[in-house]
Amino acid sequence: MGLILRIKKKFGFLLKWFFRKDRMKIGIYGPPNAGKTTLANRILRDWTGDVMGAVSDIPHETRRARLREGVRIEVDGKSVTLDIVDTPGLATKIDFHEFMKYGLPEDEAKRRAKEATEGVIEAIKWLDDLDGVLLVMDSTEDPFTQVNVTIVGNIEARNLPLLIVANKIDLPNASPARIKAAFPQHPVVPISALKGLNIDSLYKAIAERFS
């Protein structure tokens, strides 16, 4: 059994490509409030007319992974069909007191913190069933955080194609260049998922990276 697991770990990525060339399962990852669900909603709205889910200023609004299948993106003669997984925000520590700062009662804050913690575990488990990752980072914040470094390391360990999305370029203090400098080994596309700025460049990169 140990040998089988080692073979699967080493060659699993190639097997996925061999058996699933017509469809790619892509996870949207990142820290809380980076804009993951906003991006998922933008992609679905542009290509299906639908949305993935609600967004909120309260961290960890998405506490369970959500899957939308069969999203077809076509750009410059290239096309890719995606199953998109919108994952909960990744964090090293989730404190219920943070929810209470937004006016939530203590019992609701504790419930959300518990669900958010379970969501982080679920998001990490999803990595074993993906063909690629869109990693969303807030371009107004320092990208060199423990969460970002850890998730990039997990993605690289699995040999998954990675596309970093430098979100929120509509804000005056945005700096996608900081993200590129922190992770120069991976392609970075600056966008505003909320405003739709440079979104066509992201779709082109998705079609090239995941097709």
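The values are calculated or read from the model by the stated rules, or taken from the named source; none is laboratory data. This one's a predicted model, so the numbers in the text were calculated from it and none came from an experiment. Cβ: placed from backbone, ideal geometry, glycine included. Neighbour counts: every protein chain shown.
Tabulated values for the structure
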quantity	calculated
Residues of the stretch 139-157 that turn out to be closer than 16 Å to Arg209 by Cα and either at pLDDT below 95 or crowded, with 19+ Cβ neighbours inside 10 Å (or both), as a count	1
First in the stretch 31-44 and farther than 20 Å from Ile151 by Cα, second anywhere and basic (Lys, Arg) and outside any helix (DSSP H, G or I), Cβ under 7 Å, 6 or more apart	Leu44/Arg68
Selected residue (criterion: nearest to Ala40 (Cα to Cα)) from residues of the stretch 176-208 that are of a type outside the set (A, V, I, L, M), touching a residue at least 40 places away in the same chain (Cβ under 8 Å) and part of a helix (DSSP H, G or I)	Tyr203
Meets criteria (within 21 Å of Val80 (Cβ to Cβ) and at pLDDT below 95) for Leu135	no
Residues within the stretch 1-30 that are modelled with pLDDT under 90 and surrounded by 11 or more Cβ atoms within 10 Å (Cβ to Cβ), tallied	11
